[in-house]
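Trainee: The structure is given below, and queries will be raised subsequently.
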Amino acid sequence: MSQTLKNFGLFAVVALLIVLTGVMQSWGTALLILNMGLVSAVMSLGVNLQWGFAGLFNVGIMGFVALGGLATVLVAMPPTVDAWSAGGARVLAGLLTGAGVIVAAVLVRRRMAPSRLRGLLTVAILAGGFFLYRWVFDPGVAAVEAVNPAGTGYLGGLGLPILLSWPVGGLLAAGAAWIIGKAALGLRSDYLAIATLGIAEIILAVMKNEDWLSRGVKNVVGLPRPVPYEVDLQTDPGFIESAAGLGLDPVIASSLYIKLSYAGLFAVVLAVILVLAQLALASPWGRMMRAIRDDEVAAEAMGKDVTRRHLQIFILGSAVCGIAGAMMTTLDGQLIPTSYQPLRYTFLIWVMVIVGGSGNNFGAVLGGFLIWFLWVQVEPIGYWLMQVITTPLADGSALKEHLLGSAAHMRLLTMGLILLLVLRFSPRGLIPGK
């Protein structure tokens, strides 16, 4: 069997699994799996750019995804006028003060020759600047968060169409990646992994605690949507007539229509990113990145600036993850900072890339769909399996109760088992890179 035919067959199997979900469970569930599969595939492409192209071990994926989610709030939510009047100007002044302190410290370090005076001056600027920053910033934050904390308590956003937040999410993640890359890309791979994980946790800590920015753990709900609301479709005579012509109830038809609309938007984004990634992979730049991945010393000996190229690919991959984060928050309709967990937004994405095939863009897409499908479906399948196994046991049996209760842990067991099997029998993934 040729590799092309095998690849086509693997994608056909995943498509068949989604169709079977629609037939045996519901089409709403199937479309939800499809939508999150599309978003997961975009995340996998972002990680594959970093690991598959350049060998960068980034385990701070959830931080960049969270920044994409934050972009939807900053772009699409309406501004809180009272909060801006109460302390918005002071908050901005505080942020500018903090940035000015950092710039001043950097200039001193760059302009002065190494000496004890330079060290003392740097410490004085940072210490004094910190107290100045808090003096300006804290009263503004307190004033903003005091404005209707149950409903708002934050500055809000720009009130722009939420689709604009998707590229903005990529820009936010790219900016953070530039800062992180400048500080951490000189580290060895294992130290880089620790650094990126720690920085991702810092990003999440800021989102959880700075209520003025995104309401913190109180969450932002009611994000605008790029598609109509179900209730609007259910009162539209034309839509009701179309649904009746298909033999569907208007309520069910409206839900399916919305999910299909999201699927169309997500598919366009995935297709654009996949095409660009394929063009990059086949370009001289892509060949250079793979050469750096395979042997940094040899590439550097040939005159390649390894650190600069690593920074480029780190920014690009993080930007793709930021776009995916904005897409996912748009689909959810709310920003919940506490939902960003390493298990879901780092470990699972890495499993997608490894199982699909690192270094191969189509493998990353396949892994995104396949692993997300299993992540959703393994628990109900596991519960059904436990019911079958425990049928001979008497009701109320301690063993039966334990086995049925253990079905909730089938997800983690299955992910680990799949990862072990793929690494054993196909260590380069289902669709390996060339």
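Trainee: Which pairs do you get when a residue that is in a helix (DSSP H, G or I), found in region 412-429, comes within reach of a residue that is buried (at least 17 other Cβ atoms within 10 Å of the Cβ), reach meaning Cβ atoms under 6 angstrom, with the pair 6+ apart or on two chains?
Mentor: Thr414/Val378; Met415/Val351; Leu419/Val351; Val422/Val355
Trainee: With the condition kept exactly as written, say whether any residue in region 310-317 is touching a residue at least 60 places away in the same chain (Cβ under 8 Å), crowded, with 23+ Cβ neighbours inside 10 Å, within 30 Å of Ala76 (Cβ to Cβ) and within 12 Å of the chain's Cα centre (by Cα).
Mentor: Scanning region 310-317, I find at least one residue that is touching a residue at least 60 places away in the same chain (Cβ under 8 Å), crowded, with 23+ Cβ neighbours inside 10 Å, within 30 Å of Ala76 (Cβ to Cβ) and within 12 Å of the chain's Cα centre (by Cα), so the answer is yes.
Trainee: More than 20 Å from the chain's Cα centre (by Cα) and of a type in the set (Gly, Ala, Ser): which single residue out of Ser358, Ser339, Ser406 fits that description?
Mentor: Ser406
Trainee: Inside region 359-411, can you point out the residues that are at pLDDT below 90 and touching a Phe, Trp or Tyr at 6+ places or on another chain (Cβ under 9 Å)?
Mentor: Gly359, Leu404, Ala407, Ala408, Met410, Arg411
Trainee: Just for region 167-198: of the residues that are closer than 15 Å to Cys321 by Cβ and in contact with a Leu (Cβ under 8 Å, 6 or more places away or on another chain), which one is surrounded by the fewest Cβ atoms within 10 Å (Cβ to Cβ)? Spell out the reasoning first.
Mentor: In the first step, residues of region 167-198 are kept if they are closer than 15 Å to Cys321 by Cβ; the result is 167-178, 180-181, 196-197.
Next, only the ones that are in contact with a Leu (Cβ under 8 Å, 6 or more places away or on another chain) stay: 168-169, 172-174, 176, 178, 181.
Numbers: Val168: 23, Gly169: 32, Leu172: 25, Ala173: 32, Ala174: 22, Ala176: 22, Trp178: 15, Gly181: 24.
Applying the filter and picking the extreme gives Trp178.
Trainee: Give me the residue from region 1-40 that is under 18 Å from Val355 (Cα atoms) and of a type in the set (Ser, Thr, Tyr) and, out of that set, surrounded by the fewest Cβ atoms within 10 Å (Cβ to Cβ).
Mentor: Out of the qualifying residues, it is Thr4.
Trainee: Separate question: Being among the hydrophobic types (A, V, I, L, M, F, W, C), over 29 Å from the mean Cα position of the chain (by Cα) and at pLDDT below 95: is that true of Ala127 here?
Mentor: Numbers: among the hydrophobic types (A, V, I, L, M, F, W, C): yes; over 29 Å from the mean Cα position of the chain (by Cα): yes; at pLDDT below 95: yes.
Here the answer is yes, as Ala127 does meet what is asked.
Trainee: Moving to a separate point now. Going by the conditions given, is Gly153 in contact with a Gly (Cβ under 9 Å, 6 or more places away or on another chain), touching a residue at least 24 places away in the same chain (Cβ under 8 Å) and not in a helix (DSSP H, G or I)? Break it down into steps so the answer makes sense when it comes.
Mentor: Details: in contact with a Gly (Cβ under 9 Å, 6 or more places away or on another chain): yes; touching a residue at least 24 places away in the same chain (Cβ under 8 Å): yes; not in a helix (DSSP H, G or I): yes.
Considered against the rule, which asks whether it is in contact with a Gly (Cβ under 9 Å, 6 or more places away or on another chain), touching a residue at least 24 places away in the same chain (Cβ under 8 Å) and not in a helix (DSSP H, G or I), Gly153 comes out as yes.
Trainee: Kindly state which helices (runs of 4 or more DSSP H) lie completely within region 242-303 and contain at least 2 residues that are in contact (Cβ under 8 Å) with a residue 60 or more places away in the chain and closer than 19 Å to Ile323 by Cβ.
Mentor: Ranges flagged: 250-282.
Trainee: Has region 331-345 got at least one residue that is crowded, with 20+ Cβ neighbours inside 10 Å, over 28 Å from Val220 (Cβ atoms) and either of a type in the set (Asp, Glu) or touching a helix residue (DSSP H, G or I) at 6+ places or on another chain (Cβ under 7 Å) (or both)?
Mentor: Taking every residue of region 331-345 in turn, none turns out to be crowded, with 20+ Cβ neighbours inside 10 Å, over 28 Å from Val220 (Cβ atoms) and either of a type in the set (Asp, Glu) or touching a helix residue (DSSP H, G or I) at 6+ places or on another chain (Cβ under 7 Å) (or both).
Trainee: Could you tell me which of the residues Gly94, Gly55, Gly46 is at positive phi and either loosely packed, with under 14 Cβ neighbours inside 10 Å or of a type in the set (Gly, Ala, Ser) (or both)? Even if it seems obvious, please write down each step before you answer.
Mentor: Numbers: Gly94 fails: at positive phi; Gly46 fails: at positive phi.
Of the residues listed, the single one that is at positive phi and either loosely packed, with under 14 Cβ neighbours inside 10 Å or of a type in the set (Gly, Ala, Ser) (or both) is Gly55.
Trainee: Which of (1) of a type in the set (A, V, I, L, M); (2) modelled with pLDDT under 95; (3) farther than 30 Å from Val19 by Cβ; (4) part of a helix (DSSP H, G or I) does Leu56 not meet, given it meets every other one?
Mentor: Answer for Leu56: the failing condition is (4).
Trainee: Right, next: Just to check your reading of the model, which residue among Gly159, Gly198, Gly169 is of a type in the set (Gly, Ala, Ser) and part of a loop (DSSP other than H, G, I, E, B)?
Mentor: Just a single option satisfies the conditions, and that option is Gly159.
The values are calculated or read from the model by the stated rules, or taken from the named source; none is laboratory data. These numbers come from a predicted model, not from an experiment. Here the Cβ is made from the backbone with ideal geometry for all residues, glycine too, and neighbour counts use every protein chain on show.
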